[in-house]
Structure formats: structure tokens, C-alpha cells
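Enquirer: My questions will all concern the structure given below.
The values are calculated or read from the model by the stated rules, or taken from the named source; none is laboratory data. On a predicted model such as this, the values are computed, not experimentally measured, just so you know. Backbone-built Cβ (ideal geometry, glycine too); neighbour counts: all protein chains shown.
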Amino acid sequence: MSPDPVTLMVARRVAHGRYRDFTAWLEEGRELASDFIGYLGSGVLAPPSGGDEYQLIFRFRDTQTLAAWEHSASRRAWLARGEGLFESPHEHRAIGLDGWFQSATGQTPPRWKQGIAIWLAFFPVSLLFQGLFGGLLTGLPLVPKVLASTLALTPVMVFLFIPLSMRLLGPWLRGEVTLMGRLGRRLHQRGA
């Protein structure tokens, strides 16, 4: 049995007036991580409008490969170059699927809520992919067709849409509000 992949999620607030330098520094860090054995990918979630906290996500094959990157001299040098570009950093490690859903207290929502959250992220992205590229794939046999769609969609889901879904559905996943209450509040805020 292979070990579960591990995700390191880091939140950093951009220092006032340092947005351009900060984003260049982020990109440098992602490129640096990609050179390490066991690197599975990374992503950056920009803050909502008016916010300044970025979420950085790094995935590695296992805890050992993550540790090798975390304790490397090149990462330490990269972090030193970032001094003054960000404020209030905090980190969270997650292993396996539960890592996407684990709260700061270490609790995870029931599996049925996790399933709904993943489906709500996956359905619109799959629909859009099929609408845009489904026609191009119709002539392919089943295995290459599924291979092409999963290769295209998995990174988008893992690094963008599932974390976005977790952020938007966070209060519901934690049991703080009902799903309908959350959706109703969002629609009301948008003037619908």
C-alpha cells in the first residue's frame, strides 16, 4: 500500500503595497518546489475581492518528500527572500482526502457532506469541459476519452475548485449553518 499524498496549505497576507513582488515571489516558490522529488503540484488561491490573504497549496507524494522540500536550503533561501512581502503566515498539513475537509480543530465533516462538496465542485467543471471539448473527444475510444478528460480535470479540481468549494461551503461543512441557509444568504447578498 502506498502512503497517502500530503498537502501543505499556507495562508499569507500580502504586505501593503507589495502585491507585484509577492506574486512574483509565489511563482518562484512554486517553481522551486517542482524541482523536488515527490512533488505532485501546487496552486494559489487568490483572496476574494477586497481581501489580502492568499492560500498556497503544495502537494507531495508523502510526508518524507514534503519534509525534504520543507527543510531544504533552497526553500529556506526562498522564504528569506520573501521577508517583508507578507504578514501573518500560518500553515496546515493534511494527509489524504480528509485533509481537504479538516478544520483547525482537527474535526472532519461526515462523508456525505464531503461527497456533496466534491460533487458541487466537480459537476460544473465537468459540464464546462464537456461543453467545450466533448465534441473533440467523441471520435476517440472510451479509454483515451476518459484519460484525456481526467488528465485535464484532476489538476483543476485538486488545486482550484475543490479548495474553492471548501472555502465557500466551510460554515456548512462545520455545521455552523444549513446548506439552504448558506445559499439563501449568498443569493440575498447578490441581490437575487
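Enquirer: Tell me whether the stretch 104-123 contains one or more residues that are modelled with pLDDT of 80 or more, polar (S, T, N, Q) and surrounded by fewer than 17 Cβ atoms within 10 Å (Cβ to Cβ).
Expert: Let us first name the residues in the stretch 104-123 that are modelled with pLDDT of 80 or more, namely 112-113, 115-123.
Now narrow it down to the ones that are polar (S, T, N, Q): none.
Within the stretch 104-123, not a single residue is modelled with pLDDT of 80 or more, polar (S, T, N, Q) and surrounded by fewer than 17 Cβ atoms within 10 Å (Cβ to Cβ).
Enquirer: Still on this structure, please answer the following. Looking for something modelled with pLDDT of 80 or more, out of contact with any strand residue (DSSP E or B) (no Cβ under 9 Å at 6 or more places or on another chain) and among the charged types (D, E, K, R) - is there at least one such residue anywhere in the stretch 47-70?
Expert: Taking every residue of the stretch 47-70 in turn, none turns out to be modelled with pLDDT of 80 or more, out of contact with any strand residue (DSSP E or B) (no Cβ under 9 Å at 6 or more places or on another chain) and among the charged types (D, E, K, R).
Enquirer: Go through (1) of a type in the set (Ser, Thr, Tyr); (2) modelled with pLDDT under 80; (3) closer than 24 Å to ASP4 by Cα one by one and return the number of the condition THR178 breaks.
Expert: (3)
Enquirer: Does the stretch 42-80 hold any residues that are among the β-branched types (Val, Ile, Thr) and over 20 Å from MET166 (Cβ atoms), and which are they?
Expert: If the condition is that a residue be among the β-branched types (Val, Ile, Thr) and over 20 Å from MET166 (Cβ atoms), then THR63, THR65 are the ones that fit.
Enquirer: Right, next: If a residue has to be touching a residue at least 40 places away in the same chain (Cβ under 8 Å) and either under 15 Å from the mean Cα position of the chain (by Cα) or assigned to a helix (DSSP H, G or I) (or both) to count, how many in the stretch 1-32 make the cut?
Expert: Within the stretch 1-32, residues that are touching a residue at least 40 places away in the same chain (Cβ under 8 Å) and either under 15 Å from the mean Cα position of the chain (by Cα) or assigned to a helix (DSSP H, G or I) (or both) number 14.
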